[in-house]
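Peer 1: The following block contains the structure, expressed as C-alpha cells.
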Amino acid sequence: MVTVEFMGIFRDMTGTGEIQLDVSGIINVLDLVEELGKRFPLIHQYLKTFWCDTYKVSLYSSIAIVKDGQICKISDPVEDNDRIIIILPCTGG
Amino acid sequence: MLGGYIGKYLRVNLKNGEIKVNQNDQDMLKEYIGGTGIAARILFDEVSEEVEPLSERNLLIFATGPLTGTSAPGSGNYSVAARSPLSGFFVAGQANGHFGATLKKAGFDMIVFESRSPDPVYLLVENEKVTILDAKQIMGLGTLETEQVLKKKYGTEARVASIGPAGENMVHFAAIVCDEGHVVASGGLGAVMGSKNLKAVVVKGNKKIPIADKDNFLQAVKEWTKDAINSGLGKTLTTYGTAGLFASYHKTGWVPVKNLTTNKFPEFENFDGRNLRQSYEMKKNRCHACPLDHCKQMTITSGLYKGFKAEEPEYEDLAAWGPNIGNNNVEEAVVLTALADNLGIDSKESTFTISLVMECYEKGFVKKDQLDGLEVKWGDVEVVKKLLYKIATRDGIGKVLADGVLRTAKWVGEDALPLAVYVKRGYAPHVHDLRTRWGTLFTQAISNMCSQEGIDLTTRSSPDLGIQEPVGFSETGIAAAQAKSGPKRQFEDSLGVCYFLCRGDSGLEVMIRALNSLTGWDFTVEEALHIGLRIINLQRCFNIRHGHTVEDDSVSARILQPPIDGPGTGKTIADIYETIKRNYYNNMGWQPSTGRPLPETLERLGLGFAIRDLR
C-alpha cells in the first residue's frame, strides 16, 4: 500500500486529505496518476483540461508529485510503503 | 500610432518643478516594450557609475507596459525602477491593483522623476493635467492613511501610490504601496522615492487606450483568460489566494521557520488559505481586469482583533510574520502584515532581519542593552511591532536594522554572519526556505533586478520554452531553466500584466498574439525571448558598471547549510552551486569565470553600446 496525500485544490477534487492505495498494477508515477484519475472524476477532468497528444508533457505544469522531498517524474517507480504528496507545481515567489 | 500606448510620458524635475511631456520613442519601445524593460534602458543611459542610490541624480521611474489598462487579464500592473540603495544594483519592482491602469488612463505611459524636491511634495496627474503639490500635511502618515486622505480629496476613482514613514526615512528596504496593500516591495524603491522628497503619486483619468486590431485582441484575451482560469494556479488563487499554497509548501519543506533553523511548524494548517477563507470575513478587492479575483479585504470577526480589517496577506507575508519569526498565531501575522504595509516596509527584508536578531539573541550574540532594552525572542509579536516602528523611523536599534539583513549581521559581529539569510550583496530573498527549492534559489542568486528574475522550474515543466520535465535538483537543468525562463519573465515584466496571469499552459504564444493585435507589431515567440534576453543583459551591464562581480551571484552560508529536519533533511546545493553558475553563464553567452556578457553576445542583442562598461 502507498499513502497518497492531497494538498490544496487536489483536496477539493478528492474530498479527502489522504488515501491508501494498493500498488498492484501501479509500477510508476504515471500509473498512479492515471489510477487517481479513475477514482476521482474531478482529477481526471482537471488533467483532461491539459490532455492532448502530448499530455504527459503538460502533466508537469498542472500537477507535481513529491516523494521523500523529491519531485517525481512520471517514469519514477512507486513502491510499497511510499508516502506521496500531490501538490500544485510551484513557480516561485 | 502604436496601439497599447498613450504615446507620451512625463519627465518631472522635482528640484525646479519643471514638467516635460515627451513623445514615446517608438523604436526604443519595440526593443524594450515597456515596464521593466524600458526602465532598464533609461537607467542604463542616464545613471552613471558615480550616482549614489539616494542621491538626487538617481532616477525613479514608474512605467506601465502596453497591456496595462486594457482588458488583458491582470493588466493593472506597472513597474518601478531605480538604482537600489539595498543592493547598489538595478532594481525593478512591480505591483498590481489599479494604479498602473489609471496612470495610463490619466494620459501617460511612464513618469521619470529626476532630482530632489526641496520640500515634501506629491504629484497629481489628472486627465493629462500634471501638478506638483505640497505634501507637508500628509508627511508621517502611513501608506494606507495617505491613500485615504488623498482619495477623500480627489475622489474614490483616484489611485494613489505612496511611501510611509519608512520611505520618508529612507529605510533601505522601504516599499511603495498602492491600492490598500499592493506593494512594490523589492530593493528599497520607497527609499529612493523618499530621497526625492516625493510622498505620493495620485493618478486619475479615463483616457481610452488605442487598440490596433480589436477583434483579434479580444479573441486572444478571451483565450488567455480561459487558460489562466483553468490552470491549477488560477483555480488555487481564486479559491484560496496565494495562502492556499501554504500547507503544500510546508509539506515540501519550503516554508521558512525561525530563520531556517528548523522546518517544524505544526500550526501550518491555520496559515493556509483554506482556513483563512473559512474562518474570516472576506470581501472582493479585485485588481484591474483580473479574472482570478484572488485579492480580498478580510475582517477578523472574533477574539483579540475582532473587527480588524486588512488586505488578506499573501503566502509570503504569512510566512514572514508567522513561522519565520516563530509566531504561530495567524491573526497576529495578519496584523503584522498590515503594519508593515502601512509603514511602507518590505516584508522580505524585514522578516529576515528580525529573525536574524531573534536567533542572535537566543544564542547570546546580542544582548538586550544593545536592542534598546528589548528582549527579542522568537514569537514575541509585540516586540516585532516595536521593531517595525523603530525600523520605519530609524529610531535606536532601528538605525541599524533599517539597512537590512547583511548590514545588521555585520553590526552584530562575526558570529552573526553565518546565520544571516540573504542573496547577492546582502538583500533578503523571497520568503521561502530556499534550501530545497533550488530553482527559486538560483533565480534570485543571479538576479539582476533585486528579485526573482526567472521562473522556478524545480517542480514543473514549461513546454513553451522546450523544458519538458521539472528540473528538480539537476545542475544542468537548473542552469538551462534559468537561461530560458529569465528572458520569458523579463519580457512578461515589460508587458504590464500580473505574474500570476502569465502561468497558464498557453505560455507566451497567446500573450504575444494579444500584444501584436493590440500594438500592430508582429513579434514571434523567439523575438519576444530575444527582447527578454536583451533586457537581462542590459541590467547585467548596468550592474557591472556599479561594481557587480562574480562573487555577487551567490547566497549566504545559512542558505548553503542543509536543513536539520523536515523533507529536505541533509540536502544542500553547496556542492554543485558553482557548477550550476558556470553552466548558466555558458548558456547565457557570458564569460564562465566572471559572469560578464561576452562582447559578441551584446552585439547580437543590439547592445554594442554597453560593451564599454565591461572594460
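Peer 1: Output the pairs from A:38/B:214; B:390/B:424; B:484/B:571 with a Cα-Cα distance over 32 Å in this structure; if there are none, say none.
Peer 2: Details: A:38/B:214 43 Å; B:390/B:424 26 Å; B:484/B:571 25 Å.
A:38/B:214, as the Cα separations exceed 32 Å there.
Peer 1: Next question. Given the range B:81-232, what percent of its DSSP beta bridges are antiparallel, to the nearest 5? Mind showing how you got there, number by number?
Peer 2: Numbers: 18 of 24 bridges.
Percentage antiparallel, nearest 5: 75.
Peer 1: Restricting things to Cα coordinates, could you compute the convex hull volume per residue of the protein assembly as shown in Å³? Mind dumping the intermediate values first?
Peer 2: Numbers: hull volume 100.0 nm³, N = 708.
Roughly 141 Å³ of hull volume per residue.
Peer 1: For residue B:16 and residue B:561, FRET efficiency with R0 = 60 Å and r from the beta-carbon atoms, rounded to 0.05? Mind dumping the intermediate values first?
Peer 2: Details: r = 52 Å, r/R0 = 0.87.
Using R0 = 60 Å, I get an efficiency of 0.70.
Peer 1: A further question follows. How fast does the range B:186-306 diffuse by Stokes-Einstein, in µm²/s, taking the Kirkwood radius from C-alpha pairs at 25 °C and 0.890 mPa s?
Peer 2: Values: Rh = 18.5 Å.
Here the translational diffusion coefficient equals 133 µm²/s.
Peer 1: Continuing with the same structure: Summing +1 for each Lys or Arg and -1 for each Asp or Glu, what net charge is found among the other residues whose Cβ lies under 13 Å from the Cβ of residue B:286?
Peer 2: Counting the neighbours of residue B:286, the net charge comes to -2.
Peer 1: Now for a separate question. At a Cα cut-off below 19 Å, give the aspartates and glutamates reachable from residue B:368, other chains included and same-chain residues fewer than 8 away excluded.
Peer 2: Of all the aspartates and glutamates, those that pass the test against residue B:368 - Cα under 19 Å, at least 8 places apart if same chain - are B:359, B:380, B:382, B:395, B:414, B:415.
Peer 1: What FRET efficiency do you get for residue B:609 and residue B:476 if R0 is 30 Å and r is their Cβ-Cβ distance, rounded to the nearest 0.05? If you can, show how the numbers build up before the last one.
Peer 2: Details: r = 33 Å, r/R0 = 1.10.
E between residue B:609 and residue B:476, to the nearest 0.05, is 0.35.
Peer 1: May I pose another question? Filter the cross-link list B:258/B:309; B:20/B:204; B:348/B:399; B:264/B:385; B:136/B:207; B:152/B:306 down to pairs whose alpha-carbon distance in this structure exceeds 21 Å.
Peer 2: Numbers: B:258/B:309 27 Å; B:20/B:204 19 Å; B:348/B:399 18 Å; B:264/B:385 24 Å; B:136/B:207 30 Å; B:152/B:306 26 Å.
With Cα atoms farther than 21 Å apart: B:258/B:309; B:264/B:385; B:136/B:207; B:152/B:306.
Peer 1: Oh, and also: If each DSSP helix of 4+ residues adds -39,500 (n - 2.57) and the sum is divided by the residues in chain B, what number results at 222 nm, nearest 500 deg cm²/dmol? Present the calculation step by step, with values, prior to reporting the outcome.
Peer 2: Values: 24 runs with 239 residues, N = 615.
When only DSSP H runs of four or more count, the value is -11500 deg cm²/dmol.
Peer 1: Compute the relative contact order of the range B:463-523 as a whole-number percentage, counting only Cα pairs closer than 8 Å that sit 6 or more residues apart in sequence.
Peer 2: Working: 22 pairs, mean separation 17.5, N = 61.
Value for the range B:463-523: 29 percent.
Peer 1: Let me ask another. Using only alpha carbon pairs under 8 Å that are at least six residues apart, calculate the relative contact order of chain B and give it in whole percent.
Peer 2: Numbers: 1491 pairs, mean separation 100.9, N = 615.
With pairs under 8 Å counted, the relative contact order is 16 percent.
Peer 1: Moving to a separate point now. Take every DSSP beta bridge with both residues inside the protein assembly as shown and express the antiparallel ones as a percent of the total, to the nearest 5.
Peer 2: Details: 58 of 72 bridges.
Expressed as a percentage, antiparallel bridges in the protein assembly as shown total about 80.
Peer 1: On to the next question. Under the rule that a partner needs its Cβ under 4.7 Å from the first Cβ, which Cys of chain B have none?
Peer 2: B:178, B:295, B:360, B:450, B:498, B:502, B:541, each lacking another Cys Cβ under 4.7 Å.
Peer 1: Here's something else I'd like to know. For chain A, compute the orientation-averaged projected area of the C-alpha convex hull (one quarter of its surface), in nm².
Peer 2: On the way: hull surface 23.6 nm².
That works out to 5.9 nm², a quarter of the Cα hull's surface.
Peer 1: What is the extension gain from residue B:25 to residue B:578, computed as 0.36 nm multiplied by their sequence separation minus the C-alpha to C-alpha distance, in nm to one decimal? Before the final figure, lay out each step's value.
Peer 2: Values: separation 553, 0.36 × 553 = 199.08 nm, distance 4.06 nm.
Taking residue B:25 through residue B:578 to full extension adds about 195.0 nm, to one decimal.
Peer 1: Efficiency by 1/(1 + (r/R0)^6): what FRET value for residue B:368 and residue B:212, r their Cβ-Cβ distance, R0 = 51 Å, to the nearest 0.05?
Peer 2: Working: r = 64 Å, r/R0 = 1.26.
It comes out at approximately 0.20.
Peer 1: In addition: Per residue of chain A, what 222 nm ellipticity follows from adding -39500 (n - 2.57) for every DSSP H run with n ≥ 4, rounded to the nearest 500? Don't jump to the answer; show the numbers that get you there.
Peer 2: Numbers: 4 runs with 34 residues, N = 93.
One gets -10000 deg cm²/dmol as the mean residue ellipticity at 222 nm.
Peer 1: What number do you get for chain B when its Cα radius of gyration is normalised by 2.2 N^0.38 Å, N = residues? Let's see the in-between values first.
Peer 2: Working: Rg = 22.4 Å, N = 615, 2.2 N^0.38 = 25.2 Å.
Computed over Cα atoms of chain B, the ratio equals 0.89.
Peer 1: Further, regarding this structure: What's the extension gain from residue B:126 to residue B:308 if we count 0.36 nm per residue and subtract their Cα-Cα distance? Provide the component values of the computation, followed by the final result.
Peer 2: Numbers: separation 182, 0.36 × 182 = 65.52 nm, distance 3.29 nm.
That pair, residue B:126 and residue B:308, stretches by 62.2 nm at full extension.
Peer 1: Separation of the range B:470-499 and the range B:109-157 by C-alpha centroid, Å?
Peer 2: 36 Å
Peer 1: Given contacts defined as C-alpha pairs under 8 Å and at least six residues apart, what's the relative contact order of chain A, whole-number percent?
Peer 2: Once normalised by length, the contact order is 40 percent.
Peer 1: Arrange B:224, B:321 by Cβ neighbour counts within 10 Å, fewest through most, would you?
Peer 2: Placing the least packed residue first, the sequence is B:224, B:321.
Peer 1: So, one more: Of the DSSP beta bridges with both residues in the range B:63-125, give the percent that are antiparallel, rounding to the nearest 5.
Peer 2: Details: 9 of 9 bridges.
In the range B:63-125, DSSP labels about 100 percent of beta bridges as antiparallel.
Peer 1: Label-point separation (nm) for residue B:468 and residue B:411, each offset 7 Å from Cα along Cα-to-Cβ?
Peer 2: A separation of 5.3 nm, rounded to one decimal place.
Peer 1: Report the local net charge at residue B:319: Lys and Arg +1, Asp and Glu -1, summed over other residues whose C-beta lies under 11 Å from its C-beta.
Peer 2: Details: positive: B:348; negative: B:314, B:316, B:317, B:433.
Charge balance in the 11 Å sphere: -3.
Since every read-out is calculated from the coordinates, none of them should be taken as a lab result. What you see is a predicted model, and the numbers here were worked out from it, not measured in a lab. FYI the Cβ positions are ideal-geometry reconstructions off the backbone, even for glycines, and counts take in every protein chain you see.
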